[in-house]
Amino acid sequence: MNTIPAGDIRHQIQIILTDHFMENGILQFEMENRILLAPHRDHEKVELVVGTRIVASICRKNQGYLLSVELKEICEKLRLEVGARIKMVRRISDPRRIYVVLPVSDDRLNQSILDTDGFNQSLKFEVDYPKLSESQLENEVKGALDSLWARESKEEQAGAKIEVKRSLRIEPDKQWLDVIHSISNTNAIENNEISSEPNLNSKDLNLSEQWPLVLAALKELQIVNILGASSLMGVVGLNDVDQYPHQLRTVRKVLFETGGRAILADEVGLGKTVEAGLILREYHLRGQMQALLILTPASLTHQWQEELGQKFELDLPVVQTTQDAMRFDRFIISLDLAKTSNFRSIIASRNWDMVIVDEAHKLKNSKTLNFQFVKGLTSRYMLLLTATPIQNELLELFNLVHLIAPGSLGTPNQFRKSYVHPVNKKLPQNERALRQRLSRYMIRNCRLETHLKLPPRRVLMRRLIASKEEKVVYESLTQFIRESYYMVSRSPKGLNQLTLMLLQKLATSSPEALRLSLEGILKKGELSGEMEDSFVSIKENCNKVVQAVKFEEVMRFVTKEAQGDKVIVFTQFRATQQQLVRLLQREGIPTAEFHGEMNVKRKRKQVEKFRNEAQILVSTDCGAEGWNLQFARILINFDLPWNPMKVEQRIGRVHRLGQEREVLILNFCIKDTIEEHIVNLLSHKIRLFERVVGELEMILGHLSGELKEIESLDSKIMEILVKYSDKSDQMKEIELLGDEFKKAGQNFEQVRKLQENFLGKGSL
Amino acid sequence: MSEMDTNISKLVNGLDELYAELKISGDMKSDNFLAIRKLGTLQEYLNGQVIHFNGCDEVEGVFLVVSLSCRRPSSHQVCRIFAHDRAQNVVLEKPNPVDFMESLTVSTVKGTKDLSRSDFAVFEKPIFSWVESEIKSIQERSKADFMEEKERLSIYYSKQFEELKNKKKSVFFHNYFFEKEARIKEDMKQNHSEMKEQESLLTLRYQPQFQIDVLLHGSLSK
């Protein structure tokens, strides 16, 4: 109501709107007008009645003003300007409130109030069940028939005939048949590019030959239609995928109970990625997955790509550019990249069939960009993968469930009241009820209940004593690097710090491989005279090494200790690998090899060779990512990557579900070299060799400072090596680095405990 | 016989056997089917082929095999054969094209000149009715889920709104209420826009989305 009956007015004043009010909501009263504030105390709340709305204000009686941000907003909405006059009235019938009369009509005022804060009055979730549009249906039916005809007339015009193109892909372990039928190539017709030459890869069949195939195809379709509704279609016929009951249970639950939206929270090492892959394959086979987005940490994008391609025949690109994000319907991208403004708008504007977020605990905080970004995605299905859905407090779990099924755990307040201990927020209450509600959206398999025990892992350190010649190589190279590390550029061209780091690592891997690298650099002719002399001298030192101690040890182990067991030897370097393979083959030991330049087919062949005939597989790190080699049980780390993730990936090839025998890991390190420190760091501080595969990633997530980017560990170690020539100083510094890992490990243990506290020890 | 032909015939025989088993028992093990499917799939053969049959006792006219793939609100795929009997001028429908087509004899490959789009206009209404009833029955089955979700979201947002409103009231007496109030109002706005998003998302998830494909078509003669 914007007008007051005259008989009901006790006091009435007029106020002119000032800049001050329009900026801060402060209505300053002239002395004679302060009578209006008389009934109130200083700092007291006063209700202002504006039309149909009651807005809040604070009375600053002593200073003679009223403060109301809401009134200011209403005035702004009504486009009242500085200088406009408003009336303020105290009514006889309602003395505790102040009525504000604005110089606008009642209708405009009420409309404006609704616009300003319409949802303030009522909030209703209003949506009707979508109806099938008859016109859409009619268009679809006509379109299906029309498109058929449009295609046929083109074929007729081009004189095309029915043609069956067939191709065969033969894999070493099985035969795959691709039958590709095309009536003709429509694009070619459009471009008048039909060749009269017969296609060697195709074979023309007449219809009577085709008919049994068409009929069989119809039968296949009928079977798919019947089975598709209730059975898993994608779990058979997969390469290198061992499926476990808990994984199949998970797939069934996601497909048939959760409606494709769930948190997969298995304990580390139980195969969440495999579960996600199986679910993807199921939806893919059902034609339900045209648009797919996989968000992972940057370090895992390629691992996902490799694993989905190799195990599930889902070839997805890893997207790095906005053009690719627009071009591809299904892709993998790092969460950090996806949430940047350029990508965010592209990704959020699409309707996804499935969104998968790996390491989903990064969405724990609802205020973060990570959370807001994922919340803004429109997706029919969504999988959140994390072994630790709770990092600090139970509300994080609420946030994850909110992404999957908003409202299913009530509001945050209701959730807190119901499930969080009122005093100790780290403890739950009503665990049983919580678990029951969670079990609808969350699937958590625990190792204890899956009865999947990994066999023990035995780790042996072989501290080898280098020959005199090798020592000279190592010392001379390290000395050279120490002197020149900060003199060379950081840029990728020419001799740079990265190259020096690689040389340093090579020095403990293979003097021969080092020699080859030095030769390569010398050939480029980019070195200064002094540097060139040093390189030549180090190269000559390499020449003096007859047989490096590590190679001798491999030979000794394989021939004397391995007792015919299969052995995987990992090295970081292709040159070392080649040298090792040559050596083993020269000794008549059947050897397979694996490296990053091989395609999937060649790798598969090598795996088969290793499985069936070879005793040794020599692999580089990037060669073996994602492959299951658990039929072997001995792993030799010929040289040790400084990045612990890489070492864990090596171990993961053999010490994983499906391994039935004790796993033996041999770490080679040369005494009195940086390798000795690396071994200490990995085994004592990070305790890498004791941990279940998968845990390290979680621990690294607890690192802070520069080490947050684990890649920076390499340069940290390098800096220590360059800065300190004394071995004990080096050790001290690396110990300090190690303490950071130790702390991160302790934090992880706490987080793991939290999961048990909140979610219990059993499966969900 | 090449390796490829061997695989094709294995695939065809396997599908024949499984289909027969399915017809007799009304059930089959999905693993058996998937083992056969490991050899490949023949689905690409069902790609709008034109086929002419003779020896059809029932009908003389034209036919269509149509597939309906529904992606939303739930996954569902069915196919159906429609045949137009020219003599009687009626459209016949069968839910399983295999049984009908197994008894037919393939004639020769002809051009498409004998058939025109208008021959098939007669199928528009029957296909429309069939698709409509299929989708409506899918929608009927999904409605309970929709209502449950709607209820859940409705309760959530109104409760959330209530909480924010109470929170807003409770800060009125605070000196710095306007800062807090602004924050709460921001939360209210966010709650409102989130609710709107959820409304459209829910609609989108239950909006029927389907695809109609003509797998085979052609003529039938006695």
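The values are calculated or read from the model by the stated rules, or taken from the named source; none is laboratory data. Quick caveat, the model's predicted, so the values are computed rather than measured. Cβ placement follows ideal geometry from the backbone for every residue including glycine, while neighbour counts extend to all protein chains displayed. For accessibility, only protein heavy atoms count, side chains too; no ligands or nucleic acids. Shrake-Rupley method; radii C 1.70, N 1.55, O 1.52, S 1.80 Å.
Among the GluC sites (Glu not before Pro) within the stretch A:11-83, which fall in a DSSP loop and have no more than 11 other Cβ atoms within 10 Å of their own Cβ?
Answer in residue order: A:Glu30, A:Glu81.
Rg/Rh for the stretch A:594-647 (Cα atoms only, Rh after Kirkwood) is 0.95.
Report the calculated FRET efficiency for A:His11 and A:Lys753 (r = Cβ-Cβ distance, R0 = 60 Å), to the nearest 0.05.
Computed FRET efficiency for A:His11 and A:Lys753 comes out at 0.40.
Apply the a/c threshold of 1.5 to the C-alpha gyration tensor of the stretch A:17-123 and tell me whether it is rounded, prolate or oblate. In terms of gyration-tensor shape, prolate.
When a 1.4 Å probe is rolled over the protein heavy atoms, the share of accessible surface on chain A that falls to carbon and sulfur comes to 47 percent.
Each label point was placed 7 Å from the Cα along the Cα-to-Cβ direction; for B:Ser137 and A:Arg556 their separation is 7.6 nm.
Put a plus charge on the Cβ of each Lys and Arg, a minus charge on the Cβ of each Asp and Glu, and nothing anywhere else: the dipole of the stretch A:409-491 about its Cα centre is then about 720 debye.
Can you list which of the DSSP-assigned H helices in chain B have a Cα extent of 30 Å or more along the long axis and an average Kyte-Doolittle score of at least -1.0? The qualifying helices are B:3-25. Between the Cα long axis of helix A:245-256 and the first principal axis of chain A there is an angle of about 40°, rounded to the nearest 10. Normalised by the number of residues in chain A, the average gap of Cα pairs under 8 Å and 6 or more apart makes the relative contact order 9 percent. Computed from protein heavy atoms with a 1.4 Å probe, the total accessible area buried between B and A is close to 10600 Å².
Among B:Gln43, B:Gln207, B:Gln198, the residue with the largest mean-square fluctuation in a Gaussian network model of chain B, with springs joining Cα atoms closer than 10 Å, is B:Gln43. Each residue of the stretch A:332-346 was assigned a 3J(HN,Hα) from its phi angle through the Karplus expression (A = 6.51, B = -1.76, C = 1.60, θ = phi - 60°), giving 10, 8, 6, 4, 4, 6, 4, 8, 5, 4, 4, 7, 4, 5, 5 Hz with x at Gly and Pro.
Residues whose amide H comes within less than 5 Å of that of A:Arg444, counting only those at least five positions distant or on another chain, are A:Ala265, A:Leu764 (H built at 1.01 Å from N in the peptide plane). The stretch between A:Glu690 and A:Glu313 holds 132.4 nm of extra length on full extension. This uses 0.36 nm per residue minus the Cα-Cα distance.
Around the amide H of B:Leu92, modelled in the peptide plane, lie the amide H atoms of B:Ala83, B:His84, B:Asp85, all under 5 Å away and 5 or more residues distant in sequence or on another chain. For the protein assembly as shown, the solvent-accessible area of protein heavy atoms averages 45 Å² per residue (probe radius 1.4 Å; ligands and nucleic acids excluded). Once you sort the root eigenvalues of the Cα gyration tensor of the protein assembly as shown as a ≥ b ≥ c, which label holds: rounded (a/c under 1.5), prolate (a/b larger than b/c) or oblate (the other case)? Verdict is oblate for the protein assembly as shown.
Each residue was assigned an accessible area with a 1.4 Å probe, and for A:Arg96 the value is about 120 Å².
Using the Cβ-Cβ distance between B:Arg86 and A:Phe256 with R0 set to 35 Å, the FRET efficiency works out to roughly 0.15. Of the residues A:Val127, A:Val319, A:Thr388, the one whose Cα sits farthest towards the positive end of the charge dipole of chain A is A:Thr388 (charges of +1 on Lys and Arg Cβ, -1 on Asp and Glu Cβ, taken about the Cα centre). When B:Arg80, A:Arg653 are compared by accessible area at a 1.4 angstrom probe, the order from most to least is B:Arg80, A:Arg653. For A:Arg440 and A:Lys367, the difference between the fully extended length at 0.36 nm per residue and the C-alpha to C-alpha distance is 23.8 nm. Placing +1 on the Cβ of every Lys and Arg and -1 on the Cβ of every Asp and Glu, with no other charges, gives the stretch A:466-611 a dipole of roughly 860 debye about its Cα centre. Computed from Cα positions, the angle between helix A:574-586 and the longest principal axis of chain A comes to roughly 30 degrees. Legend: residues A:Met555, A:Met382, sorted from most to least accessible area (1.4 Å probe; ligands, DNA and RNA excluded), read A:Met555, A:Met382. Based on DSSP H segments of at least four residues, each scored -39500 (n - 2.57), chain A has a per-residue ellipticity at 222 nm of -13500 deg cm²/dmol.
Residues whose amide H comes within less than 5 Å of that of A:Arg458, counting only those at least five positions distant or on another chain, are A:Val663, A:Leu664, A:Ile665 (H built at 1.01 Å from N in the peptide plane). Of B:Leu46, B:Leu202, B:Leu15, the residue with the greatest mean-square motion in the GNM of chain B, using alpha carbon springs below 10 Å, is B:Leu15. By definition, a body whose alpha carbon gyration tensor gives a ≥ b ≥ c is oblate when a/c is 1.5 or more and a/b is not larger than b/c, and the stretch A:335-381 fits this oblate description.
Our coupling estimate for the stretch B:46-51, obtained by passing each phi through the Karplus curve with A = 6.51, B = -1.76, C = 1.60 and θ = phi - 60°, is 8, 9, x, 5, 9, 10 Hz, Gly and Pro reported as x.
Computed from Cα atoms, the angle from the helix A:272-285 axis to the main principal axis of chain A rounds to 80 degrees. Between B:Asn54 and A:Asp329, the FRET efficiency estimated from the beta carbon spacing at R0 = 45 angstrom works out to 0.55. Ordering A:Met461, B:Met195 by accessible surface, largest first, gives A:Met461, B:Met195; the 1.4 Å probe counts only protein heavy atoms, with every chain in place. Length gained on full extension, A:Ser133 to A:Leu522: 132.7 nm, using 0.36 nm per residue less the C-alpha separation.
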